[in-house]
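Structure first, then comments.
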(Lines give C-alpha, C1' and ligand atoms only; values in the text may rest on other atoms or scores of the structure.)
Protein backbone atom coordinates (compact mmCIF):
# COMPACT_ATOMS: atom_id res chain seq x y z
CA UNK A 1 0.00 0.00 0.00
CA UNK A 2 1.28 3.46 -0.92
CA UNK A 3 1.58 6.13 1.74
CA UNK A 4 -1.10 8.83 1.94
CA UNK A 5 -1.11 12.31 3.41
CA UNK A 6 -3.76 13.42 5.88
CA UNK A 7 -4.50 17.06 6.74
CA UNK A 8 -6.34 18.09 9.93
CA UNK A 9 -6.36 20.80 12.56
CA UNK A 10 -3.96 18.86 14.80
CA UNK A 11 -1.70 15.82 14.52
CA UNK A 12 -4.00 13.85 16.83
CA UNK A 13 -7.05 14.68 14.71
CA UNK A 14 -5.12 13.71 11.58
CA UNK A 15 -4.35 10.30 13.11
CA UNK A 16 -8.01 9.80 14.01
CA UNK A 17 -8.93 10.73 10.45
CA UNK A 18 -6.40 8.22 9.13
CA UNK A 19 -7.94 5.47 11.32
CA UNK A 20 -11.35 6.09 9.77
CA UNK A 21 -10.02 6.43 6.21
CA UNK A 22 -7.86 3.30 6.35
CA UNK A 23 -10.22 1.26 8.49
CA UNK A 24 -7.30 0.41 10.76
CA UNK A 25 -6.38 1.09 14.39
CA UNK A 26 -3.36 3.34 14.84
CA UNK A 27 -1.08 0.45 15.79
CA UNK A 28 -1.54 -0.93 12.26
CA UNK A 29 0.01 2.01 10.39
CA UNK A 30 3.15 4.11 10.61
CA UNK A 31 2.86 7.86 11.11
CA UNK A 32 5.31 10.48 9.90
CA UNK A 33 4.57 14.05 10.93
CA UNK A 34 5.19 16.24 7.88
CA UNK A 35 3.99 19.49 9.43
CA UNK A 36 2.84 20.13 12.99
CA UNK A 37 -0.10 22.41 13.68
CA UNK A 38 0.76 26.02 14.37
CA UNK A 39 -1.40 28.69 15.94
CA UNK A 40 -1.26 32.11 14.40
CA UNK A 41 -1.59 35.42 16.18
CA UNK A 42 -5.21 36.01 17.25
CA UNK A 43 -6.28 33.14 15.07
CA UNK A 44 -4.72 34.60 11.92
CA UNK A 45 -2.21 32.47 10.05
CA UNK A 46 -3.11 29.16 11.68
CA UNK A 47 -1.47 26.17 9.98
CA UNK A 48 -2.98 22.71 9.85
CA UNK A 49 -1.10 19.53 10.69
CA UNK A 50 -0.03 17.20 7.91
CA UNK A 51 0.92 13.56 8.46
CA UNK A 52 2.01 10.79 6.12
CA UNK A 53 0.74 7.29 6.94
CA UNK A 54 1.35 3.83 5.54
CA UNK A 55 -0.24 0.59 6.66
CA UNK A 56 2.02 -1.89 8.45
CA UNK A 57 2.19 -5.14 6.54
CA UNK A 58 0.89 -8.06 8.55
CA UNK A 59 3.26 -10.95 9.18
CA UNK A 60 2.89 -13.66 6.60
CA UNK A 61 -0.35 -15.56 7.01
CA UNK A 62 -0.31 -19.20 7.92
CA UNK A 63 1.79 -21.15 5.43
CA UNK A 64 0.52 -23.98 3.30
CA UNK A 65 2.52 -26.52 5.28
CA UNK A 66 -0.09 -26.16 8.02
CA UNK A 67 -3.48 -27.66 7.21
CA UNK A 68 -6.36 -25.46 8.37
CA UNK A 69 -7.56 -28.28 10.63
CA UNK A 70 -4.16 -28.26 12.38
CA UNK A 71 -4.26 -24.49 12.75
CA UNK A 72 -7.76 -24.69 14.18
CA UNK A 73 -6.70 -27.34 16.70
CA UNK A 74 -3.72 -25.28 17.85
CA UNK A 75 -5.85 -22.17 18.28
CA UNK A 76 -8.51 -24.03 20.29
CA UNK A 77 -5.83 -25.59 22.50
CA UNK A 78 -4.30 -22.17 23.17
CA UNK A 79 -7.63 -20.68 24.26
CA UNK A 80 -8.40 -23.72 26.43
CA UNK A 81 -4.94 -23.53 28.04
CA UNK A 82 -5.45 -19.85 28.82
CA UNK A 83 -8.83 -20.56 30.40
CA UNK A 84 -7.25 -23.26 32.57
CA UNK A 85 -4.44 -20.95 33.65
CA UNK A 86 -6.99 -18.28 34.54
CA UNK A 87 -9.08 -20.77 36.49
CA UNK A 88 -12.16 -20.04 34.39
CA UNK A 89 -14.59 -22.75 33.32
CA UNK A 90 -15.82 -22.19 29.78
CA UNK A 91 -16.37 -23.93 26.47
CA UNK A 92 -14.60 -22.85 23.30
CA UNK A 93 -17.05 -22.80 20.40
CA UNK A 94 -15.79 -22.45 16.84
CA UNK A 95 -17.82 -19.82 14.98
CA UNK A 96 -15.72 -20.00 11.80
CA UNK A 97 -13.26 -22.75 10.92
CA UNK A 98 -11.88 -20.90 7.87
CA UNK A 99 -9.56 -17.90 7.82
CA UNK A 100 -10.06 -15.68 9.66
CA UNK A 101 -10.86 -18.07 12.50
CA UNK A 102 -13.51 -17.00 15.01
CA UNK A 103 -14.19 -18.39 18.49
CA UNK A 104 -16.67 -17.68 21.24
CA UNK A 105 -16.19 -18.71 24.85
CA UNK A 106 -19.47 -19.74 26.43
CA UNK A 107 -20.39 -20.65 29.98
CA UNK A 108 -21.61 -19.16 33.24
CA UNK A 109 -20.19 -16.13 35.08
CA UNK A 110 -17.79 -15.08 32.33
CA UNK A 111 -17.84 -11.40 33.25
CA UNK A 112 -14.27 -11.71 34.50
CA UNK A 113 -13.19 -12.54 30.94
CA UNK A 114 -14.98 -9.50 29.52
CA UNK A 115 -13.75 -6.91 31.97
CA UNK A 116 -14.50 -3.22 32.11
CA UNK A 117 -15.61 -2.06 28.66
CA UNK A 118 -14.36 -5.33 27.18
CA UNK A 119 -10.71 -4.66 28.01
CA UNK A 120 -10.05 -8.18 29.32
CA UNK A 121 -11.70 -9.75 26.28
CA UNK A 122 -9.51 -7.64 23.98
CA UNK A 123 -6.38 -8.65 25.92
CA UNK A 124 -7.36 -12.33 25.79
CA UNK A 125 -7.75 -12.13 22.02
CA UNK A 126 -4.40 -10.36 21.63
CA UNK A 127 -2.52 -12.90 23.78
CA UNK A 128 -4.15 -15.76 21.88
CA UNK A 129 -2.91 -14.31 18.58
CA UNK A 130 0.62 -13.95 19.94
CA UNK A 131 0.81 -17.52 21.25
CA UNK A 132 -0.73 -19.09 18.14
CA UNK A 133 1.63 -17.08 15.93
CA UNK A 134 4.61 -18.19 18.01
CA UNK A 135 3.64 -21.88 17.90
CA UNK A 136 2.99 -21.93 14.15
CA UNK A 137 5.72 -19.40 13.31
CA UNK A 138 3.28 -17.58 11.05
CA UNK A 139 0.47 -15.06 11.48
CA UNK A 140 -3.04 -16.48 11.95
CA UNK A 141 -5.96 -14.02 11.72
CA UNK A 142 -8.50 -14.84 14.43
CA UNK A 143 -10.99 -13.34 16.84
CA UNK A 144 -11.93 -14.49 20.33
CA UNK A 145 -15.27 -13.38 21.73
CA UNK A 146 -16.71 -14.03 25.19
CA UNK A 147 -20.41 -14.91 25.46
CA UNK A 148 -21.05 -12.90 22.29
CA UNK A 149 -19.95 -9.65 23.97
CA UNK A 150 -17.84 -8.35 21.09
CA UNK A 151 -20.57 -8.81 18.50
CA UNK A 152 -23.24 -7.26 20.74
CA UNK A 153 -20.98 -4.30 21.50
CA UNK A 154 -20.19 -3.80 17.82
CA UNK A 155 -23.86 -3.84 16.84
CA UNK A 156 -24.76 -1.56 19.76
CA UNK A 157 -22.09 1.03 18.93
CA UNK A 158 -23.04 1.10 15.26
CA UNK A 159 -26.71 1.66 16.12
CA UNK A 160 -25.78 4.31 18.69
CA UNK A 161 -23.56 6.11 16.20
CA UNK A 162 -26.37 6.29 13.63
CA UNK A 163 -28.83 7.47 16.29
CA UNK A 164 -26.49 10.22 17.49
CA UNK A 165 -25.89 11.31 13.91
CA UNK A 166 -29.64 11.89 13.51
CA UNK A 167 -29.75 13.78 16.82
CA UNK A 168 -26.84 16.02 15.85
CA UNK A 169 -28.44 16.74 12.48
CA UNK A 170 -31.85 17.61 13.98
CA UNK A 171 -30.56 19.58 17.00
CA UNK A 172 -27.78 21.29 15.05
CA UNK A 173 -25.27 20.80 17.88
CA UNK A 174 -22.45 18.39 18.69
CA UNK A 175 -22.85 15.42 21.03
CA UNK A 176 -19.98 13.96 23.06
CA UNK A 177 -20.02 10.25 23.82
CA UNK A 178 -18.68 8.53 26.95
CA UNK A 179 -14.96 7.61 27.15
CA UNK A 180 -14.14 4.52 25.07
CA UNK A 181 -11.03 2.47 24.23
CA UNK A 182 -9.40 2.96 20.79
CA UNK A 183 -11.05 -0.03 19.09
CA UNK A 184 -14.54 1.14 20.11
CA UNK A 185 -13.87 4.73 19.04
CA UNK A 186 -12.76 3.32 15.70
CA UNK A 187 -16.14 1.56 15.29
CA UNK A 188 -17.94 4.89 15.71
CA UNK A 189 -15.56 6.70 13.35
CA UNK A 190 -16.05 4.04 10.67
CA UNK A 191 -19.84 3.92 11.13
CA UNK A 192 -20.09 7.64 10.33
CA UNK A 193 -17.10 8.04 7.99
CA UNK A 194 -19.32 8.36 4.90
CA UNK A 195 -22.19 10.21 6.54
CA UNK A 196 -22.90 13.35 4.47
CA UNK A 197 -24.25 15.37 7.41
CA UNK A 198 -21.94 14.69 10.36
CA UNK A 199 -18.32 13.91 11.11
CA UNK A 200 -16.46 12.65 14.18
CA UNK A 201 -13.35 13.47 16.16
CA UNK A 202 -11.77 12.24 19.38
CA UNK A 203 -11.02 14.52 22.30
CA UNK A 204 -9.41 14.05 25.70
CA UNK A 205 -6.38 12.11 26.88
CA UNK A 206 -5.62 8.49 27.79
CA UNK A 207 -8.54 6.48 29.14
CA UNK A 208 -10.68 9.61 29.05
CA UNK A 209 -10.69 9.98 25.27
CA UNK A 210 -14.18 10.39 23.83
CA UNK A 211 -15.76 10.63 20.40
CA UNK A 212 -17.54 13.84 19.47
CA UNK A 213 -20.20 13.68 16.75
CA UNK A 214 -20.61 17.07 15.09
CA UNK A 215 -22.10 18.67 12.01
CA UNK A 216 -20.01 18.38 8.89
CA UNK A 217 -18.92 21.76 7.60
CA UNK A 218 -20.56 22.91 4.40
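So, residue 130, is that one part of a strand (DSSP E or B) and not assigned by TED's automatic domain parsing to the domain that holds residue 197 or not? Taking the combined requirement at face value, the residue does not satisfy it. Could you tell me whether residue 142 is in contact (Cβ under 8 Å) with a residue 60 or more places away in the chain, crowded, with 18+ Cβ neighbours inside 10 Å and touching a strand residue (DSSP E or B) at 6+ places or on another chain (Cβ under 8 Å)? Against the criterion (in contact (Cβ under 8 Å) with a residue 60 or more places away in the chain, crowded, with 18+ Cβ neighbours inside 10 Å and touching a strand residue (DSSP E or B) at 6+ places or on another chain (Cβ under 8 Å)), residue 142 qualifies.
Is there a residue being part of a helix (DSSP H, G or I) and modelled with pLDDT of 75 or more anywhere in the range 57-70? Yes, the conditions are met somewhere in the range 57-70. The single condition among (1) outside any loop (DSSP other than H, G, I, E, B); (2) out of contact with any strand residue (DSSP E or B) (no Cβ under 9 Å at 6 or more places or on another chain); (3) at negative phi that residue 124 does not meet is (2). Scanning the range 187-204 for residues that are touching a residue at least 60 places away in the same chain (Cβ under 8 Å) and in a helix (DSSP H, G or I) turns up 189, 190.
Checked against the criteria, residue 207 does not count as touching a helix residue (DSSP H, G or I) at 6+ places or on another chain (Cβ under 6 Å), more than 17 Å from residue 17 (Cβ to Cβ) and without any contact (Cβ under 8 Å) to a residue 40 or more places away in the chain.
Of all the residues in the range 71-93, those that are modelled with pLDDT under 95 and in a strand (DSSP E or B) number 0.
When the residues of the range 82-102 are filtered to those that are touching a residue at least 40 places away in the same chain (Cβ under 8 Å) and out of contact with any helix residue (DSSP H, G or I) (no Cβ under 6 Å at 6 or more places or on another chain), which remaining residue is surrounded by the fewest Cβ atoms within 10 Å (Cβ to Cβ)? By that ranking, first place goes to 100. Selection within the range 151-183: residues that are in a loop (DSSP other than H, G, I, E, B) and either surrounded by 14 or more Cβ atoms within 10 Å (Cβ to Cβ) or outside the structural domain of residue 195 (by TED's automatic domain parsing) (or both). The member of this set that is modelled with the lowest pLDDT is 181.
The values are calculated or read from the model by the stated rules, or taken from the named source; none is laboratory data. Source: prediction; values computed, not measured. So basically every Cβ, Gly included, is an ideal-geometry build from the backbone, and we count neighbours across all protein chains shown.
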